[in-house]
Amino acid sequence: MAEALTYKGRPLARRDNEIYYGAPGDDYVVFIQILSTTEKDGVAVADKVHVSLLSNDPSLTPAARILKQSDKNGLYSALDIGEIWLKGAESGKI
């Protein structure tokens with residue numbers, strides 16, 4: 001059985017050019033959309049990405065669920081800011 005992908009202890013789920021970072025049952029999750037890729041050593045690598053911190057509160061409208069947004073260069077930068085946002089949201093600083 002394959003091991004689930006995680007980053008800093010949180011689950012990662014990818015479908016095509018969309019990545020969800022965080023557990024679906026938590027109050028908040030980070031949504032990453034890969035906007036463009038570049039070729040490096042024969043492998044497509046995420047270049048430009050859009051990152052959003054989303055609330056999982058079903059009573060909110062889809063637009064109201066977006067708490068923060070940013071464009072980043074590279075997947076690592078997106079995951080890094082996503083981790084910071086999730087920690088802030090969990091501690092009530094959002």
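We did not get these values from a lab; they are worked out from the coordinates using the rules stated. Remember, it's a predicted structure, so these values are computed and weren't measured experimentally. Here the Cβ positions follow ideal geometry from the backbone for every residue, glycine too, while neighbour counts run over all protein chains shown.
Name every residue in segment 48-66 that is under 13 Å from the mean Cα position of the chain (by Cα) and of a type outside the set (A, V, I, L, M, F, W, C), in order of residue number.
Answer for segment 48-66, where residues must be under 13 Å from the mean Cα position of the chain (by Cα) and of a type outside the set (A, V, I, L, M, F, W, C): His50, Ser52, Ser55.
What pairs come out if I take residues in segment 11-39 that are under 13 Å from Val49 (Cα atoms) and pair them with residues that are among the charged types (D, E, K, R) and not in a strand (DSSP E or B) whose C-beta lies under 9 Å away, six or more apart or interchain?
Final answer for the pair search is Val30/Glu83; Ile34/Asp16.
When you scan segment 1-79 for strands (runs of 3 or more DSSP E) that lie fully inside it, which ones turn up with 3 or more residues that are among the basic types (Lys, Arg) and either out of contact with any helix residue (DSSP H, G or I) (no Cβ under 9 Å at 6 or more places or on another chain) or surrounded by 13 or more Cβ atoms within 10 Å (Cβ to Cβ) (or both)?
Those strands (runs of 3 or more DSSP E) span 10-15.
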